[in-house]
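Enquirer: After the structure tokens below, expect a handful of questions from me.
The values are calculated or read from the model by the stated rules, or taken from the named source; none is laboratory data. Note that the coordinates shown come from a computational prediction; the quantities given were computed from them, not determined experimentally. Ideal geometry is used to build each Cβ from the backbone, glycine not excepted, and the neighbour counts take in all protein chains shown. To get the accessible areas, we keep the full protein, side chains included, count just its heavy atoms, and leave off ligands, DNA and RNA. Shrake-Rupley method; radii C 1.70, N 1.55, O 1.52, S 1.80 Å.
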Amino acid sequence: MNESNPYQPPSVIVQDAEGAPEQGNFVPEGRAVSSERGLAWVTEGFRMAFAQFGPWLLITIILTVFYLVISLTGIGIVLNALLPVFMGGVLIGARRQAEGGTIEIGDLFAGFKEKFGPLVVVGILVLVLSVALTFIVLVPFVGVSMFSAMMTGNERAALGAIGALFLAIPLILLISMVVTACWWLAPALIVFHDIPPIEAMKRSFTATLRNWAPVLIYGVLASVAAFLGSLLLLIGLLVVVPALMAATYLAYRDIFIER
């Protein structure tokens, strides 16, 4: 005899960025995806942003104005701590759009109501991690050369200090990539799966490392898009930034949701 319940709701399925309700199994540690997905995150991110461009544009403008106001007060560091909070809200709206609904301007502030504590902890940890890594790497590497040049006044020592500064640039880029990998997917893991901040950052880092090829392609394309967007008095960024925020949601869904 068939024991199935005829009134049981149908199981969910994961949809593409423009389609039906999203579904699938959560993969706690993330999974490896093909390298071409790095390109798809960018192209599908633009498609997703253009599909509901009005709300995406207003979200970007509000966030930009907030950033400028905070920066003028001299406490821009506050925005960096709040960035995961804003991103968490945007991701909630992005998922709603992916499920066939509409992203809303208010979604930008949804992170202040949903998981504010864990999200702001991520922001604070990112700041601490950035400062700590920069101090650990740059002080021994550059500080010694600069101190030697100042104390001796030797021309060769001064040239060595300048050389050390140039050699430090790759280290700074590496620090930036490590820090970004730690928090990039953490807001999604917190708001969608209630994962604690430190654990979410660990999983974001390991999942990014596991997907280094698509992430590298995505990073290069995102940097090129941001550069091109900044050429027209930064106006192009009003198109690029929404697409990259949408791409972050798509990357999370690809890596952590098995369809």
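Enquirer: Which members of the stretch 178-211 meet the condition of being in contact with a Gly (Cβ under 8 Å, 6 or more places away or on another chain) and either loosely packed, with under 14 Cβ neighbours inside 10 Å or among the polar types (S, T, N, Q) (or both)?
Expert: Result: 206, 211.
Enquirer: A follow-up question, please. Which of the residues belonging to the stretch 91-112 are in a helix (DSSP H, G or I), more than 18 Å from the chain's Cα centre (by Cα) and without any contact (Cβ under 8 Å) to a residue 24 or more places away in the chain?
Expert: Answer for the stretch 91-112, where residues must be in a helix (DSSP H, G or I), more than 18 Å from the chain's Cα centre (by Cα) and without any contact (Cβ under 8 Å) to a residue 24 or more places away in the chain: 96, 106.
Enquirer: Looking at the stretch 50-95, which of the residues that are among the hydrophobic types (A, V, I, L, M, F, W, C) and touching a Ser or Thr at 6+ places or on another chain (Cβ under 9 Å) is farthest from residue 124 (Cα to Cα)?
Expert: It comes out as 94.
Enquirer: Which residues, taken from the stretch 210-259, are within 23 Å of residue 186 (Cα to Cα), out of contact with any Ser or Thr (no Cβ under 6 Å at 6 or more places or on another chain) and small (Gly, Ala, Ser)?
Expert: Answer for the stretch 210-259, where residues must be within 23 Å of residue 186 (Cα to Cα), out of contact with any Ser or Thr (no Cβ under 6 Å at 6 or more places or on another chain) and small (Gly, Ala, Ser): 219, 222, 223, 226, 243, 246, 247, 251.
Enquirer: With the requirement that a residue be aliphatic (A, V, I, L, M) and without any contact (Cβ under 8 Å) to a residue 60 or more places away in the chain, what does the stretch 35-62 give you?
Expert: 51, 58, 62, listed by residue number.
Enquirer: Looking at (1) closer than 30 Å to residue 173 by Cβ; (2) touching a Leu at 6+ places or on another chain (Cβ under 6 Å), which is the one condition that is false for residue 135?
Expert: Result: residue 135 fails condition (2) only.
Enquirer: Taking residue 117, is it closer than 17 Å to residue 183 by Cβ, out of contact with any helix residue (DSSP H, G or I) (no Cβ under 8 Å at 6 or more places or on another chain), part of a helix (DSSP H, G or I) and not charged (D, E, K, R)?
Expert: Values: closer than 17 Å to residue 183 by Cβ: yes; out of contact with any helix residue (DSSP H, G or I) (no Cβ under 8 Å at 6 or more places or on another chain): yes; part of a helix (DSSP H, G or I): yes; not charged (D, E, K, R): yes.
Judged against the criteria, residue 117 is a match.
Enquirer: Only one residue in 64, 73, 102, 60 is open to solvent by 30 Å² or more (accessible area, probe 1.4 Å), among the hydroxyl-bearing types (Ser, Thr, Tyr), within 20 Å of residue 226 (Cα to Cα) and modelled with pLDDT of 75 or more. Which one? Full working, then the answer.
Expert: Working: 73 fails: within 20 Å of residue 226 (Cα to Cα); 102 fails: within 20 Å of residue 226 (Cα to Cα); 60 fails: open to solvent by 30 Å² or more (accessible area, probe 1.4 Å).
So the residue among 64, 73, 102, 60 that is open to solvent by 30 Å² or more (accessible area, probe 1.4 Å), among the hydroxyl-bearing types (Ser, Thr, Tyr), within 20 Å of residue 226 (Cα to Cα) and modelled with pLDDT of 75 or more is 64.
Enquirer: Have a look at 131, 85 and point out the one that is surrounded by fewer than 14 Cβ atoms within 10 Å (Cβ to Cβ) and assigned to a helix (DSSP H, G or I).
Expert: Unique residue meeting the criteria: 131.
Enquirer: Failed condition for residue 237, given (1) within 21 Å of residue 103 (Cα to Cα); (2) touching a Lys or Arg at 6+ places or on another chain (Cβ under 8 Å), with all others met?
Expert: Going through (1) within 21 Å of residue 103 (Cα to Cα); (2) touching a Lys or Arg at 6+ places or on another chain (Cβ under 8 Å) one by one, residue 237 breaks only (2).
Enquirer: Now, a different point. Give the number of residues within the stretch 242-259 that are farther than 15 Å from residue 89 by Cα and small (Gly, Ala, Ser).
Expert: Residues that pass the stated criteria total 2.
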